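Please read the structure below before turning to the comments.
The values are calculated or read from the model by the stated rules, or taken from the named source; none is laboratory data. Computed from a predicted structure; not experimentally measured. Neighbour counts run over all protein chains shown; Cβ positions are idealised from the backbone, glycine included. Quick note on the areas: whole protein, heavy atoms, side chains included, nothing else; ligands and nucleic acids left out. Shrake-Rupley method; radii C 1.70, N 1.55, O 1.52, S 1.80 Å.
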Amino acid sequence: MIPHSFLQDLLNRVDVVEVVGRYVQLKKGGANFMGLCPFHNEKSPSFSVSPTKQFYHCFGCGAHGTPINFLMEHAGLTFPEAVNELAQSVGMVVPQEPRPGGEGQDGVSWKATTGLVDVMKSASDYYRKALRTAPQAIEYLKKRGLTGPIAKDFGLGYAPGGWQNLEAAFEDYRAEALVEAGLVLVSDKTDAQQGGAARRYDRFRDRVMFPIRNIRGQVIGFGGRVLDGGEPKYLNSPETPLFSKGSELYGLFEARLAIREKGYVLVVEGYMDVVALAQLGFPNAVATLGTACTPVHVQKLMRQTDMVVFSFDGDKAGRRAARRALDACLPHAADNRTIKFLFLPAEHDPDSFVREFGSDAFAGEVERALPLSQFLLNEIVADKPLDQPEGRAKALFEAKPLLGALPPNAFRTQVVHMLADRLGLPFGEVAALCGIDGAIQRAVRDAPVKAARRRVTGNEERALRNLIMYPRSIAAIGEDEWTAIAFAERRELFDEILMHVRALGESADFRLLSEVLRNTANAPVYEEIFREILTYDENVRDLLLAPETEGSVERYQDQERMAGEELRAALAKLHYEALRERCERLSRQSKLTTEETTEYADLLRQTADLRRRLAPLAARE
């Protein structure tokens with residue numbers, strides 16, 4: 001875990017104008033810098049970067065944040081990656097607090113991989129230059145319909161034939177880093193010219209080279225396509241400290257801006273499909289690297305967009321690949337996301353389909369792609385005689401693990417309804433047989449009356465907003481008052497926020513707390529709260545983003561005190577509504593046990609006490 005104190009120090013040292021300016025053309029406009037927003041398509045600049053507040057904000061789409069958040073949103077970096085990159089830029093070293101349970105830092109350290117990044121860049125430069133003098137490779141690319149500009153955009157290159165061509169690219173061909181990076185192989189045979197040392201030779205020979213970049217644009221691996229009929233047709237870099245096939249996507253770096261502009265990402269099966277589609281009007285395409293789609297792939301894609309379209313060949317291999325992608329997607333099927341599956345005719349891949357039928361025809365195929373729900377149901381009922389008990393039972397047997405992999409949300413409930421209709425069975429029976437009725441029944445049984453739920457939710461939102469806006473306002477709340485969060489529907493959010501606020505201590509403010517919360521599993525929920533806060537009132541937004549500027553300190557302290565009072569009131573109301581709801585439930589029972597009678601009397605006393613405490617607060621409102 002990265003210490004909170006380090007994050008504060010880092011944000012004090014980096015300049016948001018310099019960080020954003022690497023990716024966005026900014027022009028001075030008054031006290032701020034303005035530019036075209038990189039997060040949505042616009043013709044007139046509404047993207048503002050403030051050097052005094054060290055914050056960016058788009059008045060068009062609402063995007064906002066600090067330099068850390070910008071790298072996460074624009075470059076698709078994870079929180080640790082963004083912090084590492086900023087720290088490197090200002091000469092800082094990221095410390096690591098031990099994780100709970102004594103675990104150390106995960107993965108390979110940044111220092112251990114820095115040298116390999118340089119090695120891969122040198123190799124990429126060498127292959128790219130070699131392509132210029134390789135007529136057979138150029139002719140192959142032309143036959144595939146690729147132009148010089150698109151080859152340049154993707155950094156395509158050529159690995160010449162022969163065994164040790166990379167000697168021309170590196171001073172020390174026997175450096176261990178070349179083996180570690182997967183560029184050079186070590187033979188069992190010895191080399192007399194090297195004093196009996198093991199022979200070495202290039203991994204990639206006589207192949208068109210596709211450099212694989214991470215989301216920061218660094219070359220971390222290669223895919224090599226053979227020119228003749230040799231095998232294997234495609235040769236990938238091996239697993240290295242830089243490169244893992246199960247977590248990287250070819251073309252994601254090149255496609256990231258187009259994905260945001262078009263509103264979806266298209267996942268295809270091969271390198272050539274990605275490059276060709278980019279040239280043919282679909283620059284938002286990416287590909288898995290010769291391996292099945294994994295949950296890590298899906299997670300990376302979902303950081304870029306809420307809509308993913310998988311395109312597969314219509315043959316058996318394509319169907320198998322689609323099924324593996326389906327399994328990887330199920331845990332990520334949120335109510336606000338769209339996942340589709342496109343199956344082309346068996347004789348076509350995306351490249352050939354577009355060249356034969358045109359871009360509009362392919363765009364229409366994308367639009368008509370199967371939604372995840374439909375593909376899931378088709379897989380469940382395929383080849384089963386649903387008019388027979390055996391067929392329906394087998395469908396339910398196969399449905400159980402698939403439905404169980406879905407998050408317990410509205411989407412899963414709708415899928416269960418659709419499956420019940422397909423099988424001609426009651427919804428409750430299907431839910432029970434698939435082992436998910438418990439969550440549905442509990443949600444229905446425990447749901448408070450509609451009006452009460454609205455009031456509770458409103459108080460929770462008010463408490464959460466104030467807590468995030470003015471985190472130091474917790475000092476005004478007594479320990480006994482915090483017990484109210486035990487009744488909150490989203491108690492885990494309160495617990496998480498309080499934990500981070502207490503860890504931040506006196507440095508806690510909206511800017512730093514929002515960055516920390518963006519590195520949590522509940523980040524999408526917090527983003528909605530941040531958006532509400534920053535679009536509610538311009539004066540409040542300015543105060544939160546620059547609380548220490550001249551003339552704002554006293555105003556901020558006044559707002560902090562008021563937030564503390566509102567937070568106390570919201571917690572008290574939350575407590576009151578929960579107790580009153582329990583009272584109503586007990587009062588509706590025809591007969592109470594001795595314990596319930598005692599509880600009911602105690603609840604009446606507590607609600608009366610809370611009502612008296614809330615009366616002055618209600619009068620103020």
Residue count, region 331-353, condition assigned to a helix (DSSP H, G or I) and under 25 Å from residue 522 (Cα atoms), comes to 2
Given the conditions (1) of a type outside the set (Ser, Thr, Tyr); (2) in a helix (DSSP H, G or I); (3) touching a Gly at 6+ places or on another chain (Cβ under 8 Å); (4) surrounded by 17 or more Cβ atoms within 10 Å (Cβ to Cβ), and given that residue 419 satisfies all but one, which numbered condition is not satisfied?
(3)
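Residues of region 308-326 being touching a residue at least 40 places away in the same chain (Cβ under 8 Å), hydrophobic (A, V, I, L, M, F, W, C) and more than 17 Å from residue 368 (Cα to Cα), which ones?
So the first thing to find is which residues in region 308-326 are touching a residue at least 40 places away in the same chain (Cβ under 8 Å), and the list is 308-313, 318, 321-323, 325-326.
Pick out the ones that are also hydrophobic (A, V, I, L, M, F, W, C) and you get 308-310, 312, 321-322, 325-326.
321, 325, 326 - these are the residues of region 308-326 that are touching a residue at least 40 places away in the same chain (Cβ under 8 Å), hydrophobic (A, V, I, L, M, F, W, C) and more than 17 Å from residue 368 (Cα to Cα).
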Inspect all residues belonging to region 14-21 and state whether any of them is of a type outside the set (Val, Ile, Thr), over 25 Å from residue 532 (Cβ atoms) and touching a Phe, Trp or Tyr at 6+ places or on another chain (Cβ under 8 Å).
yes
Out of (1) modelled with pLDDT under 90; (2) closer than 22 Å to residue 521 by Cβ, the odd one out for residue 328 is which?
(1)
Just to be sure I understand, how many residues within region 301-346 are farther than 24 Å from residue 363 by Cβ and open to solvent by 20 Å² or more (accessible area, probe 1.4 Å)?
11
Taking residue 279 and the conditions (1) open to solvent by 10 Å² or more (accessible area, probe 1.4 Å); (2) free of Cβ contacts under 8 Å to residues at least 40 places away in the same chain; (3) among the polar types (S, T, N, Q), which numbered condition does it fall short on, given that it satisfies the others?
(2)
Could you list, in sequence order, the residues of region 507-528 that are surrounded by fewer than 20 Cβ atoms within 10 Å (Cβ to Cβ) and more than 15 Å from residue 11 (Cβ to Cβ)?
520, 521, 522, 523, 524, 525, 527, 528
Within region 557-583, residues being open to solvent by 70 Å² or more (accessible area, probe 1.4 Å) and of a type in the set (A, V, I, L, M) number 1
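Given the structure, is residue 267 among the hydrophobic types (A, V, I, L, M, F, W, C), touching a helix residue (DSSP H, G or I) at 6+ places or on another chain (Cβ under 9 Å) and part of a strand (DSSP E or B)?
Details: among the hydrophobic types (A, V, I, L, M, F, W, C): yes; touching a helix residue (DSSP H, G or I) at 6+ places or on another chain (Cβ under 9 Å): yes; part of a strand (DSSP E or B): yes.
Considered against the rule, which asks whether it is among the hydrophobic types (A, V, I, L, M, F, W, C), touching a helix residue (DSSP H, G or I) at 6+ places or on another chain (Cβ under 9 Å) and part of a strand (DSSP E or B), residue 267 comes out as yes.
Loosely packed, with under 14 Cβ neighbours inside 10 Å and either in a loop (DSSP other than H, G, I, E, B) or not aliphatic (A, V, I, L, M) (or both): which single residue out of 38, 45, 95 fits that description? Give the steps one after another, and end with the answer.
Working: 38 fails: loosely packed, with under 14 Cβ neighbours inside 10 Å; 45 fails: loosely packed, with under 14 Cβ neighbours inside 10 Å.
None of the other options fit; the residue is 95.
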Among residues of region 173-197, those that are open to solvent by 40 Å² or more (accessible area, probe 1.4 Å), at pLDDT below 85 and within 47 Å of the chain's Cα centre (by Cα), counted:
2
Scan region 383-416 for residues that are exposed (fewer than 12 other Cβ atoms within 10 Å of the Cβ), part of a helix (DSSP H, G or I) and free of Cβ contacts under 8 Å to residues at least 60 places away in the same chain and jot them down.
389, 390
Scanning region 276-325 residue by residue, those over 17 Å from the mean Cα position of the chain (by Cα), basic (Lys, Arg) and at pLDDT below 85 turn out to be 316
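Right, residue 380: within 32 Å of the chain's Cα centre (by Cα), within 21 Å of residue 297 (Cα to Cα) and buried (at least 16 other Cβ atoms within 10 Å of the Cβ) or not? Let's see the steps before the verdict.
Working: within 32 Å of the chain's Cα centre (by Cα): yes; within 21 Å of residue 297 (Cα to Cα): no; buried (at least 16 other Cβ atoms within 10 Å of the Cβ): yes.
Answer is no for this residue.
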Quick test of your reading of the structure: residue 88 fulfils all but one of (1) at pLDDT below 85; (2) polar (S, T, N, Q); (3) farther than 29 Å from residue 541 by Cβ. Name the failing condition by number.
(1)
Give region 137-172 a look and list any residue that's in contact with a strand residue (DSSP E or B) (Cβ under 8 Å, 6 or more places away or on another chain) and either closer than 14 Å to residue 225 by Cβ or crowded, with 16+ Cβ neighbours inside 10 Å (or both), or say none.
137, 140, 141, 154, 155, 156, 157, 158, 159, 165, 166
Residue pairs within 7 Å by beta carbon, gap of at least six or interchain, first lying in region 230-255 and assigned to a strand (DSSP E or B), second at pLDDT 90 or above and surrounded by fewer than 19 Cβ atoms within 10 Å (Cβ to Cβ), listed first then second, are none
